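Peer 1: Quick one: this structure, given as structure tokens, is what I'll be asking you about.
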Amino acid sequence: VESDLVHISGPSSIQVDGRGTGEYELVFQPLQAGQVTGCIMFRDTHTGHFTWYTVELMTLPPKPQQQLTLTCVVRQAVAVDIQLVNPLDDVVVFEVALNGDGLLGEVHC
């Protein structure tokens, strides 16, 4: 079993009896939302014959952990500090995605 997809896992081989069928469990654990396209190939180790499939995976973003509601007077700014916690022993650099008109902030934290 071979694939060019990242963040997938599954058994490295599968045995299917003559004239039989088999079931292969492919696990996808994406790190980001979006669309990923690739292929997975099943090759017969004895004959070299293969069967391959195109795989298209659409990943939706997770629900927000928290929602912030800000209110301000027209043409006046409002600011909020957002506390981020790193439970790891290693240093983590967060990339910030600002979505929406009028939002300002640093892109790395």
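Peer 1: Anything in the range 34-62 that is under 20 Å from ALA97 (Cβ atoms) and modelled with pLDDT of 90 or more? List them, or say none. Working first, answer last.
Peer 2: Going residue by residue through the range 34-62, those that are under 20 Å from ALA97 (Cβ atoms) are 34-36, 58-62.
If the condition is that a residue be under 20 Å from ALA97 (Cβ atoms) and modelled with pLDDT of 90 or more, then GLY34, GLN35, VAL36, MET58, THR59, LEU60 are the ones that fit.
Peer 1: Moving on. Out of all the residues in the range 59-76, is one or more under 30 Å from VAL27 (Cβ atoms), in contact (Cβ under 8 Å) with a residue 24 or more places away in the chain and in a strand (DSSP E or B)?
Peer 2: Yes, the conditions are met somewhere in the range 59-76.
Peer 1: Looking at (1) assigned to a loop (DSSP other than H, G, I, E, B); (2) exposed (fewer than 12 other Cβ atoms within 10 Å of the Cβ), can you tell me which one VAL16 breaks?
Peer 2: That leaves (2) as the condition not met.
Peer 1: Anything in the range 93-109 that is assigned to a loop (DSSP other than H, G, I, E, B), exposed (fewer than 10 other Cβ atoms within 10 Å of the Cβ) and of a type outside the set (D, E, K, R)? List them, or say none. So that I can check it myself, show each step before the final result.
Peer 2: Of all residues in the range 93-109, those assigned to a loop (DSSP other than H, G, I, E, B) come to 93-94, 96-107, 109.
From what is left, the residues that are exposed (fewer than 10 other Cβ atoms within 10 Å of the Cβ) are 93, 97, 99-104, 106-107.
Answer for the range 93-109, where residues must be assigned to a loop (DSSP other than H, G, I, E, B), exposed (fewer than 10 other Cβ atoms within 10 Å of the Cβ) and of a type outside the set (D, E, K, R): VAL93, ALA97, ASN99, GLY100, GLY102, LEU103, LEU104, VAL107.
Peer 1: Quick test of your reading of the structure: GLN32 fulfils all but one of (1) surrounded by 10 or more Cβ atoms within 10 Å (Cβ to Cβ); (2) touching a residue at least 12 places away in the same chain (Cβ under 8 Å). Name the failing condition by number.
Peer 2: Answer for GLN32: the failing condition is (1).
Peer 1: Could you tell me whether any residue of the range 77-85 is within 26 Å of HIS7 (Cα to Cα), surrounded by 10 or more Cβ atoms within 10 Å (Cβ to Cβ) and free of Cβ contacts under 8 Å to residues at least 40 places away in the same chain?
Peer 2: Quick first cut of the range 77-85, residues within 26 Å of HIS7 (Cα to Cα) only: 84-85.
Filter once more, so that each one left must be surrounded by 10 or more Cβ atoms within 10 Å (Cβ to Cβ): none.
The answer is no, given that none of the residues of the range 77-85 is within 26 Å of HIS7 (Cα to Cα), surrounded by 10 or more Cβ atoms within 10 Å (Cβ to Cβ) and free of Cβ contacts under 8 Å to residues at least 40 places away in the same chain.
Peer 1: Filter the range 1-13 down to residues that are hydrophobic (A, V, I, L, M, F, W, C) and free of Cβ contacts under 8 Å to residues at least 40 places away in the same chain and give me whichever is surrounded by the fewest Cβ atoms within 10 Å (Cβ to Cβ).
Peer 2: Narrowing the range 1-13 to residues hydrophobic (A, V, I, L, M, F, W, C): 1, 5-6, 8.
Cutting the leftovers down to free of Cβ contacts under 8 Å to residues at least 40 places away in the same chain gives us 6, 8.
Working: VAL6: 11, ILE8: 17.
Per the criteria, the residue is VAL6.
The values are calculated or read from the model by the stated rules, or taken from the named source; none is laboratory data. Given the structure is predicted, the values throughout are model-derived calculations rather than measurements. Cβ sites come from the backbone with ideal geometry, for glycine too, and all protein chains shown count toward neighbours.
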